[in-house]
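Worksheet: the structure to be examined is printed underneath.
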Amino acid sequence: MKLSKKLEKALNKQVAMEYEAAYKYNGMRIYLDDFGVPGATHWMTLQTKEEIQHAEDFIQFIKSLDGQVELAGIQAETTKYDGLASVWEAGLVHEKEITKSIEEILALAIKEKNYAAENFLRTYVDEQVEEEENFRDVLQLFELAGKDKAAMFQVDSYLGQRGQE
């Protein structure tokens, strides 16, 4: 099975989006580390690594169908935010952009009857449900904690447990 040029281009664009996500989340990690929240820093470090793995998955998929991988440039990202909630709000916005992109590529794969791409992309549709939920869940924790410093300490401790479940 071979990728059409249009599908190959869309998948390469997704590779760039995944690397952009990693770069964005690394900027957030730096902000969180400077802010002094080790649990949140840990959470975002794992998120950064996960996005790099997603990019690699897309690269390997393109290569498995004898496609040509092209790496696009990545824009500079900020390391400045207006508090903890703003970090996760920005992350949720970005995850929604990634979801939209994957859904558009899936629609193209379905239109082209590229079943391998369709199967691969459906796993990422499921992944995006989880990604958006993770960001929303953390935002809810911040909302519940409000300005209560003890509660925020607990939230940070909870975020530090990511990956130990």
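The values are calculated or read from the model by the stated rules, or taken from the named source; none is laboratory data. Please read all numbers here as calculations on a predicted model, not as lab measurements. Positions of Cβ are generated from backbone atoms using ideal geometry, with glycine treated the same way; all protein chains shown enter the neighbour counts. We work out accessible area using only protein heavy atoms, side chains counted, and drop any ligands, DNA or RNA first. Shrake-Rupley method; radii C 1.70, N 1.55, O 1.52, S 1.80 Å.
General observations
- Residue satisfying condition, being under 30 Å from Ile59 (Cα atoms) and not in a helix (DSSP H, G or I), within set Arg136, Arg162, Arg122: Arg162
- Of everything in segment 123-152 that is touching a helix residue (DSSP H, G or I) at 6+ places or on another chain (Cβ under 7 Å) and among the charged types (D, E, K, R), the residue that is most open to solvent (accessible area, probe 1.4 Å) is Arg136.
- Of the candidates Val69, Val155, the single residue that is assigned to a helix (DSSP H, G or I) and either open to solvent by 30 Å² or more (accessible area, probe 1.4 Å) or within 30 Å of Gly36 (Cβ to Cβ) (or both) is Val155.
- For Thr79: the one exception among (1) assigned to a helix (DSSP H, G or I); (2) closer than 30 Å to Gln161 by Cβ; (3) out of contact with any His (no Cβ under 9 Å at 6 or more places or on another chain): (1)
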